[in-house]
Amino acid sequence: MNWIELNTEAQLKDMEASSEVGVIFKHSTRCPVSSMAKRNLEYDADLIPEGSAFYYLDLIRYRDLSNMIAEKWSVTHESPQILVVQGNQCIYHVSHSDIEMESILPFLK
């Protein structure tokens with residue numbers, strides 16, 4: 001899976017200014033549920049349409065970015081969590097055991 005590491009506020013601003021769909025995976029490296037969700041996404045990586053942007057946020061290292069995401073897209077912080085964003089809209093979000101590639105795919109072109 002080709003994760004794009006999310007580690008700057010500039011990346012968030014670029015995502016918010018874009019009309020493209022982006023997927024943000026908020027991952028706690030200390031949480032076994034989060035590790036399982038990440039593994040499940042990676043297992044189904046072959047289903048992802050070419051050109052889709054999947055961002056990986058390490059919550060332990062970049063908690064301030066997680067807070068910015070919650071504020072920008074008006075979604076309460078959870079971990080693990082998936083957000084599908086397009087511009088300044090969060091068009092889909094789930095957390096914990098509800099994270100499945102099948103649920104994300106309809107939002108990707």
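Bear in mind that the values in this text are calculations on the coordinates, not laboratory data. Predicted model, so just to flag it, every value in this text is computed and none were measured.
Determine the distance separating the Cα centre of the stretch 61-82 from the Cα centre of the stretch 12-33; give it in Å without decimals. Here the answer is 8 Å between Cα centres. Semi-axis lengths, largest first, of the ellipsoid equivalent to the stretch 18-108 are 18, 17, 11 Å, with √(5λ) applied to each eigenvalue of the Cα gyration tensor.
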